[in-house]
1. Return the only residue of Arg80, Arg105 being farther than 30 Å from Ser169 by Cα and either without any contact (Cβ under 8 Å) to a residue 12 or more places away in the chain or in contact with a His (Cβ under 8 Å, 6 or more places away or on another chain) (or both).
2. Has the stretch 145-168 got any residue that is loosely packed, with under 12 Cβ neighbours inside 10 Å, under 17 Å from Phe213 (Cα atoms) and modelled with pLDDT under 90?
3. From the list Gly21, Gly50, pick out the single residue that is part of a helix (DSSP H, G or I) and on the phi < 0 side of the Ramachandran plot.
4. How do the pairs read when you match residues in the stretch 160-174 that are free of Cβ contacts under 8 Å to residues at least 24 places away in the same chain with residues anywhere that are surrounded by 13 or more Cβ atoms within 10 Å (Cβ to Cβ) and hydroxyl-bearing (Ser, Thr, Tyr), using Cβ under 9 Å and keeping only pairs 6 or more apart or on different chains?
5. Going by what's in this entry, would Ala43 be described as surrounded by 17 or more Cβ atoms within 10 Å (Cβ to Cβ) and more than 29 Å from the chain's Cα centre (by Cα)?
6. For the stretch 83-102, does any single residue satisfy the condition of being part of a helix (DSSP H, G or I), modelled with pLDDT of 80 or more and loosely packed, with under 12 Cβ neighbours inside 10 Å?
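The values are calculated or read from the model by the stated rules, or taken from the named source; none is laboratory data. Computed from a predicted model, the values in this text were never measured in an experiment. Here the Cβ is made from the backbone with ideal geometry for all residues, glycine too, and neighbour counts use every protein chain on show.
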Amino acid sequence: MKKVKPGKLVSDIIIWAVVIGFTLSCLLPLLNMIAISFSGSDAVAANEVGLLPKDVNFTAYSKLLNDSQFWKSFLISVERVVLGLLINMFFTVTMAYPLSKSKLRFPAREIYIKFVIFAMLFSGGIIPLFMVVSNLHLTNTIWSLVLPGAVPVFNVILLINFFKGVPDSLDEAARIDGASPIQILVKIYLPVSLPALATVALFSIVNHWNDYFSGLIYMSKSAMYPLQTYIQQLTVDITQITDAEQLKQMSSMNNRTFNAAKIVVSTVPLLVIYPFLQKYFVSGMVIGAVKE
């Protein structure tokens with residue numbers, strides 16, 4: 001039996017304690033939020049809810065999921081994620097590929113890199129952006145949600161560094177065989193860059209799904225709100241309820257319970273997607289963040 005050195009054992013214990021501490025700091029608030037969403041209003045108001053629900057009821061979820069506008073907004077968000085992901089990935093890949101080449105292959109590279117860095121550090125502001133979107137007649141359309149962020153600069157820089165890690169010998173061999181730059185990109189760079197592509201795709205999905213502010217400034221019609229914008233506007237107002245049975249049901253719910261249910265429902269799609277991309281995510285972040 002191999003003997004473990006005391007120093008190694010202590011360091012392992014400290015590492016595991018730190019990891020478990022960070023895990024609990026992320027997991028416990030989420031469990032508490034789920035418990036609140038299933039709890040009665042009196043227990044929530046008295047701060048009696050911990051990791052398990054108290055006075056269990058499903059009123060918050062029933063109100064949320066039986067709302068027809070909720071499902072319309074959900075479909076708008078799905079459409080936004082799909083369109084936004086396709087647009088983001090196209091521009092990110094086609095911009096990162098030439099910028100990953102040396103100055104000998106792409107003499108103007110340094111000029112474009114400076115523009116990219118400048119665009120990442122500085123923004124024109126919300127008002128000029130709104131004026132551009134408005135003058136292009138894109139307000140109250142899905143395009144106002146996806147086109148202003150068509151080129152995510154951070155993702156471009158991440159992919160540039162990943163492409164730089166692809167051996168030059170593969171590029172040279174393909175060019176000797178007569179492959180065009182597009183063929184080299186599609187047949188060589190993209191297949192070996194799946195971790196980085198999955199990483200930037202996950203960033204794009206999370207950004208489009210979680211963004212509620214764009215819906216507030218670009219949509220004047222609530223029927224066009226994406227999901228996050230719509231649920232952010234929802235509140236419990238029992239003064240508007242006249243039906244006695246419905247009033248009895250709503251009395252078991254308050255805004256805190258309702259807000260917890262909104263957070264849980266809006267998080268579920270991301271939790272479903274993440275496991276499929278998780279195996280690529282860590283390696284993509286590490287490789288893409290390190291410049292040789």
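1. Numbers: Arg105 fails: farther than 30 Å from Ser169 by Cα.
Exactly one of Arg80, Arg105 is farther than 30 Å from Ser169 by Cα and either without any contact (Cβ under 8 Å) to a residue 12 or more places away in the chain or in contact with a His (Cβ under 8 Å, 6 or more places away or on another chain) (or both), namely Arg80.
2. no
3. Numbers: Gly50 fails: part of a helix (DSSP H, G or I).
Criteria check complete, one pass: Gly21.
4. Every condition considered, the pairs that remain are Leu170/Tyr189; Asp171/Tyr189.
5. Details: surrounded by 17 or more Cβ atoms within 10 Å (Cβ to Cβ): yes; more than 29 Å from the chain's Cα centre (by Cα): yes.
The answer is yes for Ala43.
6. Step one: of the stretch 83-102, the residues part of a helix (DSSP H, G or I) are 83-99.
Pick out the ones that are also modelled with pLDDT of 80 or more and you get 83-99.
Imposing the further condition that a residue be loosely packed, with under 12 Cβ neighbours inside 10 Å reduces the set to none.
No, the stretch 83-102 contains no residue that is part of a helix (DSSP H, G or I), modelled with pLDDT of 80 or more and loosely packed, with under 12 Cβ neighbours inside 10 Å.
Residue by residue, here is whether (1) under 23 Å from Gln233 (Cα atoms); (2) part of a loop (DSSP other than H, G, I, E, B) holds:
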| site | (1), (2) |
| --- | --- |
| Met120 | no, no |
| Asn140 | yes, yes |
| Phe162 | no, no |
| Gln183 | no, no |
| Leu190 | no, no |
| Leu197 | no, no |
| Leu202 | no, no |
| Trp209 | yes, no |
| Gly215 | yes, no |
